[in-house]
1. B plus A alone minus the pair: what accessible area, both sides summed, probe 1.4 Å, in Å² to 100?
2. Just need log10 I(q)/I(0) for the protein assembly as shown at q = 0.06 Å⁻¹, Debye formula, equal scatterers on the alpha-carbon atoms, no solvent, rounded to two decimals.
3. Carbon and sulfur atoms: what percent of the 1.4 Å accessible area of the protein assembly as shown do they account for?
4. Evaluate the relative contact order of region B:2-219 (contact order divided by residue number), counting alpha-carbon pairs under 8 angstrom at least 6 apart; express in whole percent.
5. At 7 Å along Cα-to-Cβ for each site, give me the label-to-label distance between A:Asp166 and B:Glu259 in nm.
6. So which GluC sites (Glu not before Pro) in region B:10-80 end up in coil per DSSP with only 11 or fewer other C-beta atoms within 10 Å?
7. Using a Gaussian network model of chain B whose springs link C-alpha atoms within less than 10 Å, name the residue from B:Ser218, B:Ser57, B:Ser192 with the highest mean-square fluctuation.
8. State the extension gain, in nm to one decimal, for the chain segment bounded by B:Ile225 and B:Glu243, taking 0.36 nm per residue of separation less the distance between their alpha-carbons.
Amino acid sequence: MNDILIFGEIRNGELKRVIKELVTAGRIVTEGTGGSIDAVLIGKGASDLSKNIAGLGIRKTFCVDDNLVEKYSTEGYAKVLSDLITDSGYGYIFFGATAMGRDLSPRVAARVDGVMFSDCVDLRFQDGRCIAKRPVYSGKLFVEIAPVGKIPVFITLRPNNLPPADSAAGETETEMRPSGVMEDMIRALATEIIPMAGGRPDITEAEVIIAGGRAMKDSESFEILGELADLLGGAVGASRAVVDAGYVPQSIQVGQTGKIVNPKLYIACGISGAIQHLAGMRTSKVIVAINKDSNAPIFERAHYGIVGDLFEVVPALTEEIRKLL
Amino acid sequence: MKIIVLLKRVPDTEAKILINSKGSGINEEGVKFIINTYDEYAIEEGLKLKETVGGDSTVTVVCMGVEESTEIIRTALAMGVDKGIHICDAALEKATPAVIATVLAKAIEDNGFDIIFCGKQGIDYDMAQTQAFLAEKLDIPQVNVIAEFKISEDNKKVFLLRRIEGADEKVEADLPVIISCAKGLNEPRYASLPGIMKAKKKEIKKLTLADLDSSGASEEKKSTIINWLPLPKSGECKIIEGEEPGEKAVELARLLREEAKVL
């Protein structure tokens, strides 16, 4: 029960980078338990991708790659993980708080009779147990939560909170493992992935977000935000007001009924800062507010503010950053 | 077809949430409670499915929660839901997702079900676990955070679009299935005046743990909240002064690069 298992998520043939943050989380726990960290990669190319996490002090990486796990299914992947956890007796199992991690982790936790802490932002180890910090009420408060008794603890960790693990000594052993999945176990299957148009990163994964609010006049005016976002390799976000007005798709809505984001830089343009919006972006590392109204609540949460018209400030900012980069 | 929709009573999205004086939870004084925002999409999808399938299909909402949850069940009935099941028991006050799922599973099995809709998460604890725990208890497939729903001609299979990072995932699932809903799936209807009148006569079945033969369920304790923490105070906002927008923008870019080091 002292060992840790981290789940390496494969999407579009790539290993999600949150895995290095999971190793950091694993180290926090192993410093307390004295156990080891193992990893498991499921899906096409698992064996090749396992090389990406060599040199991080992982004891063993299990690679599971057969035709029944080529495409994601909750039930297929849950079978692989629950078998592995039961066979090896892991005490802590880490996932990234991604669409896949959030879907898969509770199902496995239910199957092996474990407990789960969702969307954690920090961890500590005290008095022989792991204490996780997680936001509640959409980030309006936090709680610290701990397991009771000796049971497998499942943790999904929000990306961009812990630093990625640096290299560590020790050879990582790789083991190919059969999935053990039978066709009739899979009653819901992801048949196809359709990438969204635009080519910008998803707001939940972007390091920079340029977001627009009520002051945006129409869909076209979002292009000035897009220009700055593209320059910085970031994404465009939006407040509920402009999504409800139909200017932009719901997939880029930041806030309590949209997505919770956590970028390094969040530039709020013409966003007043309603509670439900702040709930979605307040953990951003650096927040910039650009708003005509100097009394807008967004300035209370921002690190830098410009009182002014976004249609004048944003193009000037884009111009200046273009010169700097 | 027996359609089940799960319902939860939560604080309004606009509510200011503060820790209570004991430090043991939130201060509910003056907080308005509503139907969990995502559950409204679940209700709407349930009602639409009933209209599509027709026949003797029924939509039943199942809600676990305090006495006052009757209000949100009534709202769902006014929207067109046929029947409510309200599981209300003081022993469930601090129930974890595993316990909630055990109790819900019992009530849902007793009622019978072909498909279950729920919100993608409660906007109070934001755990998004009950759906999967319930799916495991009922031994049915689960699909999370869907943006599109279609059912096959023979009502045995569903075709879904699921929102993932930067893409949509097409998912096919066999019935019975549990599906979590999010904004963008549909436009939840409002309760009509005749709907509100009719809702008054509709049945809300009230159940305790004893009624569900689940008296021991609430004793299962797997986790404990040891601290409630307020948000860290945000620092002072540095307002950038300047003669004209261009000048302010130049200064902002400099600060982001040299001071904040994010460029």
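The values are calculated or read from the model by the stated rules, or taken from the named source; none is laboratory data. Remember, predicted model here, so these are calculated numbers, not experimental data. Cβ: placed from backbone, ideal geometry, glycine included. Neighbour counts: every protein chain shown. Just the protein is used for accessible areas: all its heavy atoms, side chains included, with ligands, DNA and RNA removed. Shrake-Rupley method; radii C 1.70, N 1.55, O 1.52, S 1.80 Å.
1. Using a 1.4 Å probe on protein heavy atoms, the buried area is about 7400 Å².
2. -0.31
3. C and S fraction of accessible area: 49 percent.
4. Result for region B:2-219 is 26 percent.
5. Each label point is offset 7 Å from its Cα along the Cβ direction, giving 2.9 nm.
6. Listed in order of number, the matching sites are B:Glu14, B:Glu29.
7. B:Ser192
8. 1.3 nm
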